[in-house]
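Some notes on the structure that comes next.
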Amino acid sequence: MFQHMRSIWIWTASTILVVIWLPVMGLIWTFDGEIRLRTGRSFRRLGRMLTRVNPWRIQITGLEHMDAKQVYVIVSNHQSLADIPLLSHLRLDTKWLAKVELFRVPLFGWMLKMAGDVPVDRAVPRQGAKAILRCAKYLRQHCSVVFFPEGGRSPNGEVQPFNEGAFQLAIREQIPILPLVVEGTGKALPSKTWLWGKSKDIQLRVLEAIPVEGWGVKESAALRDAVRQKIVDELERLRSLAREAAEATPVPDRSLG
């Protein structure tokens, strides 16, 4: 019962925030420039506010690996829809490549469009190519682009195989790759349910940027696999640290005498 009540509260509060924020974004969009940088910043600000509705303990590490003046092809593992507000804590100008279904969601989809994020229908290869070209244009306009190269949320929290598109783009445009690791969001908001989980500990880890100088487009698969392995290794390290911390936590003595 408590989980249901808590979930109703989170969804209700989140919806109210979105409804209030939509006209704010609309006003900013009206007077924004061609690539909607200020609108995008406003949208990410909403994402950060949404994380405060949840009883999460968010830990963000590795920010020293990120240069706010640098443009990146940003790639992250994908556990949950909760990854979106979590990654909004990165103070970078970004556009996101997102599945087209999200753009059809009332209110939220309108915000994605206003922010200039890029829809992709992976069932239509030609549309996928157009989406990558649009991402390339953003990179040339000094705006980073966020990819979830797994193509969808992981069903079990493990990192699924990566698509090559983001890595081919990074090589062609000679833009460094910034790998991210998210952990805990899959338990916080499991897929195929509207109920929020019990997980409160959410982690976002920024890894060292990976330069692409010297890589050819024909080597994009090797680059993809190397970046994925770095994410897999760091995710396992975070989980190992969490297990060690849990084992080191003393069990309270519940004896009566």
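Each value in this text was obtained by applying a stated rule to the coordinates, not by laboratory testing. As the structure is a computational prediction, the values presented were derived from the model and not from experiment. For neighbour counting, all protein chains shown are included, and Cβ atoms are generated from backbone atoms with ideal geometry for every residue, glycine included.
Quick look at the numbers
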{"quantity": "Considering only the chain, percent of DSSP beta bridges that pair antiparallel, nearest 5", "calculated": "20"}
{"quantity": "Cα shape, the stretch 21-146, gyration tensor, a/c 1.5 rule", "calculated": "rounded"}
{"quantity": "Residue among Thr51, Asn156, Phe167 farthest towards the positive dipole end of the chain, charges placed on Cβ", "calculated": "Thr51"}
{"quantity": "Two-site FRET efficiency, Lys113 against Gln70, from Cβ-Cβ distance with R₀ of 35 Å, rounded to 0.05", "calculated": "0.85"}
{"quantity": "Top positive-direction residue, dipole computed over the stretch 141-257 with Cβ charges, set Trp215, Trp194, Ala242", "calculated": "Trp194"}
{"quantity": "Cβ-placed point charges (K, R +1; D, E -1), dipole of the chain about Cα centre in debye, nearest 20", "calculated": "880"}
{"quantity": "Gaussian network model of the chain, springs between alpha carbon atoms under 10 Å - residue of Val71, Val53, Val181 with greatest fluctuation", "calculated": "Val53"}
{"quantity": "Cα-based shape type of the chain, given that a ≥ b ≥ c are square roots of the gyration tensor eigenvalues and the cut on a/c is 1.5", "calculated": "oblate"}
{"quantity": "Cα gyration tensor shape for the stretch 98-216, rounded if a/c is under 1.5, else prolate or oblate", "calculated": "oblate"}
{"quantity": "Computed lengthening from Asp121 to Asp233, 0.36 nm per intervening residue step minus Cα-Cα distance", "calculated": "37.3 nm"}
{"quantity": "Approximate spin-label separation Glu247-Ala13, in nm, with each point projected 7 Å along Cα-to-Cβ", "calculated": "3.6"}
